[in-house]
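One structure below.
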Amino acid sequence: MVFSSFTFLFFFLPIILVACYVAPFRLRNGIIFLGSLFFYAWGEPVYVLIMLFSTVVDFAHGWLVERYRGTVKSRVALISSILVNLGLLGFFKYSGLVPLPIGISFYTFQTMSYTIDVYRGKVPVQKNIIDFGAYVTMFPQLIAGPIVRYSQIQKELTGRKITIEKLNSGLDDFFIGLGKKVLLANSFGELWKICAGQEQTSILGAWLGILAFALQIYFDFSGYSDMAIGLGKMLGFTFPENFHYPYISKSITEFWRRWHITLGMWFREYVYIPLGGSRRGKLVQLRNILIVWLLTGIWHGAGWNFLIWGLYFAILLMMEKMFLLRLLEKLPGFVAHLYSLLAIIVGWVIFAFDSLIQGVKWLQTMIGFTDVPLFRSADLYYLKSYGILLLIGILASTPLCKRLGDAYLRHPVLQTAGLIAIGVLCFANLAAGTYNPFLYFRF
Amino acid sequence: MKQKVIVICGAWFLFSFLNLLIPERAFSEVENRYLQQRPRASKDEILDGSYMEQFETWMTDQLVFRDDFVSLKASTDQLLGRGDSGGVYLGRDGYLLEMFTELPEEQLQKNLDEAASFLKRMEEQGRTVHFLMIPTGACVMEEKLPAFAPEINQTELFAKLEQKLPGFVHVEKELIQAQMQGPLEQQLYYRTDHHWTSLGAYYAYKAFCEARGKIAPDLSEYEIEVLSTEFYGTSYSKAGLYTVKPDTMTAMYQKDGASVQIDYGTGEVENSLYDESFLEKRDKYRVYLKGNYPLTKITTSVQNGKRLLLVKDSYANTFVQFLKEDYEEIFMVDLRYFRQSLDEYVEEQEITDVLFLYQIKNFSEDRNFAF
């Protein structure tokens with residue numbers, strides 16, 4: 001089930017919320033667990049078994065790690081847990097033999113964080129499989145993140161309060177996220193599809209297309225995260241932030257601190273720091289960066305383009321660590337910003353095309369390296385059709401909108417009207433049944 | 001803050017509840033299609049996920065205020081400067097024009113080859129052949145299109161088609177000229193439908209007459225009778241912009257014109273080209289010859305020995321109003337439904353004239369061309 005479907009909005013969510021609010025606390029995790037299984041099975045009626053399997057196996061591993069703490073067996077249990085998770089991920093994601101179970105990249109990373117943290121003694125072992133199941137399967141963040149580590153919500157699993165403040169802020173997050181996804185991302189997705197599908201390209205068309213893609217992927221993914229965070233609040237949980245205006249970054253280092261933050265934190269916590277991080281000299285640090293970003297790349301999929309994409313960012317980050325960052329600091333802000341945006345855009349070209357050759361061709365078109373016109377009249381048509389929305393999208397990807405909202409939309413009546421307006425427009429777009437994919441379901 | 005939460009949750013829950021309460025609609029008038037009814041769960045359909053898909057379609061189709069939501073979406077799109085909606089241009093003066101942005105080259109080539117070889121055969125057998133290729137409304141009314149519309153250049157295309165098709169008639173030139181020179185309020189195509197009007201069909205007839213070395217009767221010689229002022233066509237359904245005004249449909253005939261007997265192959269023989277019972281229904285364009293039948297046989301009071309095979313799409317249904325003056329018998333064939341060999345049929349019926357009449361987009365996308 002996806003958040004931007006009427007089944008979710010008018011059927012599943014009202015029922016689960018009412019059930020959670022009415023039920024006594026001890027039953028709530030059970031409701032979330034069962035509800036989440038239903039939520040997942042709605043989209044993956046068969047693969048729900050894999051998720052159940054994963055839940056049981058990791059629960060058992062956590063228990064074994066604790067039971068044999070201090071002995072070799074504990075370590076064996078940990079390694080076995082990691083192997084099972086990576087095995088599942090490897091088989092379903094990279095073998096190419098079966099269709100990808102939705103969200104597997106997200107929930108295997110979450111369950112791994114549990115056993116590792118239990119082993120490290122950072123969190124107590126979970127003795128209640130219902131509570132643990134509620135964590136693994138929790139429908140808000142189950143299929144596209146944010147990647148919530150067990151340690152982050154361990155306390156809330158057994159003791160959380162639903163307050164009017166949380167509900168209020170949750171509603172804000174949810175509807176803003178829905179708006180980002182349905183009103184912005186879907187439209188940019190249409191434009192990207194049009195531009196990428198043109199037989200004859202032009203320089204303007206190539207730029208327009210990749211701009212649309214950059215905005216689509218940001219609003220799609222961050223919209224989903226906002227909705228997840230909002231739903232979490234409505235259920236009493238606090239999920240970590242996943243995006244923080246990535247497109248205002250003044251370096252790639254900064255970009256990765258603002259883009260898909262929970263994935264970055266996961267790799268930092270469980271790969272980068274264990275490998276020595278930055279504490280063992282420049283050379284080791286550079287190696288660690290390379291490893292982490294190659295992993296980040298292939299985490300997105302089996303395609304070569306994702307590996308190259310990771311490598312591309314690894315090289316940029318290594319260069320920044322060595323000298324570029326110092327140079328960028330001396331340059332005026334807008335130059336650093338321009339450099340970052342260009343680097344990100346080139347990254348999206350690599351990311352967007354399964355075939356590298358197509359990506360390279362697209363880049364060549366963008367810089368006018370091939371024999372294409374500056375623009376065609378159809379490009380002007382699409383620019384006119386989507387121009388206002390692109391402008392709104394660009395503004396909305398900076399903190400400006402939020403600042404304006406905080407300054408002028410203080411009054412609850414205005415806020416209520418604003419959220420209802422977003423909701424009605426979203427329902428209108430969904431009712432018209434246009435293009436409505438979720439990009440990050442692929443990963 | 002408390003009030004805000006209560007209002008929003010209240011509205012949301014109320015709306016969800018309302019969705020469960022309202023009775024199902026079977027058919028959508030404005031969208032002109034059957035809506036998804038509550039799906040029934042079966043084990044197989046749950047396991048392969050098709051039940052869930054039907055369920056979501058059901059939720060979407062049966063949404064409370066669905067038509068208003070859809071219209072709101074189209075209106076906001078228009079406000080944002082979007083030039084099209086649902087595959088239809090939101091043109092000037094309330095015109096919803098069918099988009100034709102990509103030419104299906106392969107299918108078109110195949111259809112051209114099939115049609116050309118059939119027509120050549122007919123020509124060799126001593127029959128008169130003609131091909132009327134009708135432009136889309138966007139080609140005729142370029143000035144109504146949104147700026148920079150990514151339309152394919154149909155006039156260029158017609159110039160190429162002339163080389164390939166025997167008896168090709170440049171209908172588009174006549175229509176474009178009529179559009180440019182005629183009075184502002186004249187309508188050659190509907191605003192809410194992709195079809196041409198009776199007037200549009202008249203100008204094509206004029207071009208057809210010229211091609212046969214005849215002179216068409218002047219426009220003033222025709223009676224124009226209003227059939228309906230409440231016509232909402234397919235473009236209206238597609239665009240979802242339900243604020244557009246309805247179209248007027250007319251019948252055009254000469255006072256002393258030929259009478260007709262029409263055999264739809266259903267057993268009964270009728271005497272009018274217009275079936276006004278369809279004016280009460282959604283698909284009003286079927287007022288002209290009841291819509292599309294595999295074979296419609298028209299016998300006229302003309303006695304000149306000419307027997308016409310008309311291979312056509314729905315654009316021909318308004319065209320026959322004029323054509324009936326020139327032939328003793330007209331055999332209208334819709335290749336989508338006609339299953340007999342056309343060569344044999346031509347022999348059987350002793351056809352003297354062959355006319356193909358297709359709208360260009362229909363023709364290039366048609367998958368039924370095989371003789």
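The values are calculated or read from the model by the stated rules, or taken from the named source; none is laboratory data. Keep in mind it's a predicted model, so treat the numbers as computed, not measured. Neighbour counts are summed over all protein chains in view; Cβ atoms, including those assigned to glycine, are modelled from backbone coordinates with ideal geometry.
Within segment A:95-120, work out how many residues are assigned to a loop (DSSP other than H, G, I, E, B) and under 16 Å from A:V48 (Cβ atoms). It would help to see each step written out before you state the result.
Going residue by residue through segment A:95-120, those that are assigned to a loop (DSSP other than H, G, I, E, B) are A:95-103, A:120.
Now restrict to residues that are under 16 Å from A:V48 (Cβ atoms): A:98-103.
Selection size over segment A:95-120: 6.
Applying the selection to segment A:200-245, what residues are over 20 Å from the mean Cα position of the chain (by Cα) and aromatic (F, W, Y)?
A:W207
Please pick out the residue among A:T115, A:T137 that is assigned by TED's automatic domain parsing to the domain that holds A:W63, crowded, with 23+ Cβ neighbours inside 10 Å, out of contact with any Phe, Trp or Tyr (no Cβ under 7 Å at 6 or more places or on another chain) and modelled with pLDDT of 90 or more. Step through it out loud before you land on a result.
Details: A:T137 fails: out of contact with any Phe, Trp or Tyr (no Cβ under 7 Å at 6 or more places or on another chain).
Result of the check over A:T115, A:T137: A:T115.
Which of the residues belonging to segment A:364-388 are more than 14 Å from every other protein chain (Cβ to nearest Cβ), surrounded by fewer than 16 Cβ atoms within 10 Å (Cβ to Cβ) and in a helix (DSSP H, G or I)?
Selection gives A:Q364 alone.
Here are the criteria: (1) in contact (Cβ under 8 Å) with a residue 24 or more places away in the chain; (2) part of a strand (DSSP E or B). Tell me which single one B:E325 does not satisfy.
Failing condition for B:E325: (2).
Restricting to segment A:118-134, what's the tally of residues that are buried (at least 22 other Cβ atoms within 10 Å of the Cβ) and of a type in the set (V, I, T)?
1
Mind telling me which of the residues A:A421, A:A428, A:A417 ends up being out of contact with any strand residue (DSSP E or B) (no Cβ under 6 Å at 6 or more places or on another chain), at the interface with another protein chain (Cβ under 7 Å from one of its Cβ atoms) and in a helix (DSSP H, G or I)? Reasoning before the result, please.
Working: A:A421 fails: at the interface with another protein chain (Cβ under 7 Å from one of its Cβ atoms); A:A417 fails: at the interface with another protein chain (Cβ under 7 Å from one of its Cβ atoms).
Being out of contact with any strand residue (DSSP E or B) (no Cβ under 6 Å at 6 or more places or on another chain), at the interface with another protein chain (Cβ under 7 Å from one of its Cβ atoms) and in a helix (DSSP H, G or I) holds for just one of A:A421, A:A428, A:A417, which is A:A428.
For segment B:36-60, how many residues are part of a helix (DSSP H, G or I) and within 15 Å of B:E24 (Cβ to Cβ)? Steps first, please.
Just the residues of segment B:36-60 that are part of a helix (DSSP H, G or I), to begin with: B:43-47, B:50-60.
Pick out the ones that are also within 15 Å of B:E24 (Cβ to Cβ) and you get B:54-55, B:57-60.
Adding up the residues that qualify gives 6.
Would you mind finding the one in A:L409, A:L391 that is aliphatic (A, V, I, L, M), out of contact with any Cys (no Cβ under 7 Å at 6 or more places or on another chain), closer than 28 Å to B:V7 by Cβ and within 14 Å of another protein chain (Cβ to nearest Cβ)? Break it down into steps so the answer makes sense when it comes.
Numbers: A:L391 fails: closer than 28 Å to B:V7 by Cβ.
Going through A:L409, A:L391 in turn, just one is aliphatic (A, V, I, L, M), out of contact with any Cys (no Cβ under 7 Å at 6 or more places or on another chain), closer than 28 Å to B:V7 by Cβ and within 14 Å of another protein chain (Cβ to nearest Cβ): A:L409.
Going through A:M227, A:M265 one at a time, which residue ends up being in a helix (DSSP H, G or I), in contact with a Gly (Cβ under 6 Å, 6 or more places away or on another chain) and not charged (D, E, K, R)?
Numbers: A:M265 fails: in contact with a Gly (Cβ under 6 Å, 6 or more places away or on another chain).
After applying the criteria, what remains is A:M227.
Kindly indicate which of B:K164, B:K144 is at pLDDT below 95, of a type in the set (K, R), within 20 Å of B:Y89 (Cα to Cα) and touching a Leu at 6+ places or on another chain (Cβ under 9 Å).
Working: B:K164 fails: within 20 Å of B:Y89 (Cα to Cα).
After applying the criteria, what remains is B:K144.
Looking at B:L97, B:L63, B:L72, B:L103 in this structure, which one is surrounded by 14 or more Cβ atoms within 10 Å (Cβ to Cβ), hydrophobic (A, V, I, L, M, F, W, C) and part of a helix (DSSP H, G or I)?
Numbers: B:L97 fails: part of a helix (DSSP H, G or I); B:L63 fails: part of a helix (DSSP H, G or I); B:L103 fails: part of a helix (DSSP H, G or I).
Just one listed residue meets the conditions, B:L72.
Looking only at segment A:394-406, filter to residues that are part of a helix (DSSP H, G or I) and not hydrophobic (A, V, I, L, M, F, W, C); which one of those is farthest from the other protein chains (Cβ to nearest Cβ)? Steps first, answer last, please.
Looking only at segment A:394-406, we keep the residues that are part of a helix (DSSP H, G or I), and these are A:394-396, A:400-406.
Going one step further and asking which of them are not hydrophobic (A, V, I, L, M, F, W, C), we end up with A:402-403, A:405-406.
Details: A:K402: 18, A:R403: 21, A:G405: 14, A:D406: 15 Å.
Looking at residues that are part of a helix (DSSP H, G or I) and not hydrophobic (A, V, I, L, M, F, W, C), I get A:R403.
Could you check B:F17 against (1) without any contact (Cβ under 8 Å) to a residue 24 or more places away in the chain; (2) more than 10 Å from every other protein chain (Cβ to nearest Cβ); (3) of a type outside the set (S, T, N, Q) and say which number it fails?
Of everything listed in (1) without any contact (Cβ under 8 Å) to a residue 24 or more places away in the chain; (2) more than 10 Å from every other protein chain (Cβ to nearest Cβ); (3) of a type outside the set (S, T, N, Q), B:F17 misses just condition (2).
When you go through (1) closer than 25 Å to A:G236 by Cβ; (2) in a helix (DSSP H, G or I); (3) among the hydrophobic types (A, V, I, L, M, F, W, C) one by one for A:F92, which number turns out not to apply?
(1)
With the requirement that a residue be within 7 Å of chain A (Cβ to nearest Cβ), in contact (Cβ under 8 Å) with a residue 60 or more places away in the chain and more than 23 Å from the chain's Cα centre (by Cα), what does segment B:71-89 give you?
Result: B:K73, single match.
Yes/no matrix, rows are residues, columns are (1) more than 8 Å from chain A (Cβ to nearest Cβ); (2) surrounded by fewer than 17 Cβ atoms within 10 Å (Cβ to Cβ); (3) modelled with pLDDT of 90 or more:
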site	(1), (2), (3)
B:Q3	no, yes, no
B:P23	yes, yes, no
B:F27	yes, yes, no
B:I46	no, yes, no
B:Y51	yes, no, yes
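Only one of (1) buried (at least 19 other Cβ atoms within 10 Å of the Cβ); (2) away from every other protein chain (no Cβ under 14 Å); (3) not hydrophobic (A, V, I, L, M, F, W, C) is not met by A:E329, so which one is it?
Going through (1) buried (at least 19 other Cβ atoms within 10 Å of the Cβ); (2) away from every other protein chain (no Cβ under 14 Å); (3) not hydrophobic (A, V, I, L, M, F, W, C) one by one, A:E329 breaks only (1).
Which of the residues belonging to segment A:306-357 are in contact (Cβ under 8 Å) with a residue 24 or more places away in the chain, not in a helix (DSSP H, G or I) and not hydrophobic (A, V, I, L, M, F, W, C)?
A:D354, A:S355
Can you tell me which of B:A178, B:A115, B:A211 is closer than 24 Å to B:V226 by Cα and hydrophobic (A, V, I, L, M, F, W, C)?
Values: B:A115 fails: closer than 24 Å to B:V226 by Cα; B:A211 fails: closer than 24 Å to B:V226 by Cα.
The unique qualifying residue is B:A178.
Just give me the residues in segment A:272-305 being out of contact with any helix residue (DSSP H, G or I) (no Cβ under 6 Å at 6 or more places or on another chain), within 19 Å of A:W259 (Cα to Cα) and not in a helix (DSSP H, G or I), in sequence order.
A:G301, the sole residue that qualifies.
Can you tell me how many residues in segment A:1-60 are over 28 Å from A:D220 (Cα atoms), more than 14 Å from every other protein chain (Cβ to nearest Cβ) and aromatic (F, W, Y)?
Qualifying residue count for the region: 3.
Keeping to segment B:331-361, report how many residues are more than 15 Å from the chain's Cα centre (by Cα), closer than 25 Å to B:H194 by Cα and among the aliphatic types (A, V, I, L, M). Don't jump to the end; show me each part of the working.
Start the filter on segment B:331-361 by keeping residues that are more than 15 Å from the chain's Cα centre (by Cα), which leaves B:331-333, B:335, B:337-356.
Okay, now just the ones that are also closer than 25 Å to B:H194 by Cα, so B:331-333, B:335, B:337-338, B:355-356.
Subset that is among the aliphatic types (A, V, I, L, M): B:332-333, B:335, B:355.
Residues meeting the conditions: 4.
Need the failing condition index for A:Y440 against (1) more than 14 Å from every other protein chain (Cβ to nearest Cβ); (2) at pLDDT 90 or above; (3) surrounded by 16 or more Cβ atoms within 10 Å (Cβ to Cβ), just the number.
(2)
Taking only pairs six or more apart or across chains, which ones have beta-carbon atoms under 9 Å, a first residue in segment A:384-400 that is without any contact (Cβ under 8 Å) to a residue 24 or more places away in the chain, and a second residue that is exposed (fewer than 13 other Cβ atoms within 10 Å of the Cβ) and assigned to a helix (DSSP H, G or I)?
A:I388/B:L79
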